[in-house]
Structures are given as C-alpha cells and as structure tokens.
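Reviewing the structure listed below.
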C-alpha cells in the first residue's frame, strides 16, 4: 500500500487524487487537510478513514471534530495542523494542493522529514524555489510535479537526464480570450473569464488562465524544477491542449508528452512514479484530431505574462510580490470590485513598490506577501 497525505483534499486536485485512490485501491490516505469545507471533508474522512484531518480555521475544525466524533480520527487546525500532517511518519508522499504561499512551510517540513512531494502548489517554488530545491537535493527528496505542463516536461526528460536541455517549450491553451486584443478585454465579466475552453479547474486558477498569469507562474516554477535559465523557457500557445509541453535537446530533437486534458494523469503519475498505472477514461484518438496549431503569446494583450518574466529575471522577492498581488487582485475581481484589466495593473504596481530583497528567507517571503496585501487594501 502506498501511503499518502493530501493538503487541499476538497479542491480540484485533491478530489481527483481521491478518485485515483478509489480506483487503484492500493493507496492508503493517512491524512487529509482542507480550508473551510467541513462538510466535504467529513465525507472524505468517512470514506478514506485517515488518521488525521485538518481544517484551517479553529472554529471549522471544532465543527468537524464534532461531526466525526464516532471515528478514530484526530482533528487539527491551522498551520500547526498542516505541519503535523506534513511530517507524520506514516506518510510516504505528501500531495500539496493548497492554493497560495500557505504551502511553503508544510513542504519544507515534509522534505526535512524525508517525504517525497507531489507538488501541485506552484506558489511554493515561485516564491521559495531558491530554498526548496537545494533542500530537496540535500535531503534526497523527490519533487514530483503535478501541473500538467510540468509533468509533461518531467516525462519528456525520462531517459535523457544526462543530455543537455536546449529549450523548454511550455504550452498554453490561451484561455477563453485567446486572440483577443487588450481593448476587447475591457468589459470582461467574471462569468466570461471562468469559461475555460479545455480544462475544468478551480475558480482562482481559471481566472489565472484567462489572464495568462498562470502561465507566468508556470514559467517561474519550471526554472526551479528543471534547473534551466529563464531564456531557455519558451511559451507556446497550443489551443487544443493535446501536447502538454515539450523539451528540445541540444541536437534539435524535441520530445513531447501528449494526451487528452485530464488532470488525473499527471496526479497519478506523480503518486506512482516511476510506475505507470492503467487509468480509466477516454484516450487520444489521432484519427479524430482535426489538427494541432501553435501561436506566439500576445504579451501586449496579456501583460501578466510579460510581468512574470520581468519578476523572475530580477528574482529575489519580486516573484513573491507578483504572486501575492495576483492572489489579491483575482479575489477582488471575483468579488466584482475591480475590472479584468486591473489585475495586471495591480501586479505591476505592487512590483514597483516592493522593497527588493535578493535572497529572501521564508520569513522575508511571508513579510513581502503581507506588505503587498496591505498595499492593495490601502489602494483598492
């Protein structure tokens, strides 16, 4: 039995990971953690019988504790609860699928406890990659990417680790507004931005896809995951989302990973790596493919992507400012307090006012986040 702990079990990645556990039947879920959804977490606890369950809020955790008082599960809360789950001896692998920088400390705790990390929390590497990757190497922990694009790159590197990467080709669907110019995006409503053409994801990441900020975050994450220079990462818009990403080697050969848009594949690959398991669902039929097309990204219409390259090029705590500003701006947009095009404007403003730190500690990263939040709250 493979023993796993899941942070973010009620979200899109977490629920699909539990689908895999349900289907494969040789995964023991030893811990589950969620943000606020006590009702769904209760149902998961009753089905998978973990040893520990966590909710972020103490009030919600007390409510859950009362709900599952008939079960032998310990209920914890807050960062202390996440850190306990991350380091618990029973888990072999930690799937971190929480949203935001809340994932940094549990990831560090899990690495220090000798766990492998199935990483779906991109903010961890975006903001603290300079801390996480050296620590993982030192402790011999494997960072197994769960993002479809990074999983595709990871798979395309199999058997090629000794060969030089010339370029990473990071594919992007283009989101719901592919091909539109900036002036056409001024009247975008929340409902429009939530209509992703290919993927079913949570609300925040769907908005990030619409602004292409998500691709910017993936560029930053790829740099740390695969140890390449920023200039070696090229974003390619591929509307069909069949090729999930590619690696070009020094001899010009390009290796790609293809498949239908299904997040269960990269999740399962990370959980069972290096083994491949059967997975239910529709398969790619090349006879039915009308064609595969590729385009350059429009940095003018989607300035969030351009700002990501700028933040990563300078480094330090600027990626943290970028990420924190985006989180807050997306929340404001979902609450209908700002317009769609104000999201990159807020990110740019926060990057400009950020007090630069070249080699930030975890505390510096969290202080930068708090400073960005305070700045936005004072202005918007």
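Quick one: length gained pulling residue 112 to residue 80 fully straight, 0.36 nm per residue minus the C-alpha distance?
Length gained, residue 112 through residue 80: 10.0 nm.
Computed across region 70-139, the Kirkwood radius stands at 12.4 Å (inverse of mean 1/r, all Cα pairs). In the chain, Cα pairs under 8 Å separated by at least six residues give a relative contact order of 14 percent.
Put a dot 7 Å past the Cα of residue 285, heading toward its Cβ, do the same for residue 254, and the two dots end up 2.7 nm apart. Computed from the C-beta positions of residue 70 and residue 22, the FRET efficiency with R₀ = 25 Å rounds to 0.70.
Taking every alpha-carbon pair in region 315-380 and binning the separations at 10 Å intervals from zero gives 24, 54, 19, 3 percent.
If you take the square roots of the eigenvalues of the alpha-carbon gyration tensor of the chain and sort them as a ≥ b ≥ c, do you get rounded (a/c under 1.5), prolate (a/b over b/c) or oblate?
Judged from the Cα gyration tensor, the chain comes out rounded (a/c under 1.5).
Which value in Å is the Kirkwood Rh of region 124-165 over different Cα pairs? After inverting the pairwise mean of 1/r, the radius is 11.6 Å. Computed from label points 7 Å out along Cα-Cβ, the spacing between residue 189 and residue 379 is 2.9 nm.
Between residue 158 and residue 352, the simple spin-label model (points 7 angstrom out along Cα→Cβ) gives 4.7 nm. Compactness of region 151-300 was expressed as the Cα radius of gyration divided by 2.2 N^0.38 Å, which yields 1.09. Looking at the square roots a ≥ b ≥ c of the eigenvalues of the Cα gyration tensor of region 112-201, which shape do they give, rounded for a/c under 1.5, prolate if a/b is larger than b/c, or oblate? Cα axes put region 112-201 in the prolate bin. Springs between Cα atoms under 10 Å define the GNM used for the chain, and in it the highest mean-square fluctuation of 158, 359, 37 occurs at 158. Of all the options 93, 13, 255, the one that moves most in a Gaussian network model of the chain with Cα springs shorter than 10 angstrom is 255.
Sorting 101, 201, 1 from the fewest to the most surrounding beta carbons within 10 angstrom yields 1, 201, 101.
The length gained by stretching the chain between residue 92 and residue 36 to full extension, at 0.36 nm per residue less their Cα-Cα distance, is 17.6 nm. Using 0.36 nm per residue and subtracting the Cα-Cα separation, the extra length available between residue 142 and residue 1 on full extension is 48.9 nm.
None of the figures in this text is laboratory data; all of them are computed from the coordinates on show. This structure is a prediction, so every number in the text was calculated from the model and none was measured. Here the Cβ is made from the backbone with ideal geometry for all residues, glycine too, and neighbour counts use every protein chain on show.
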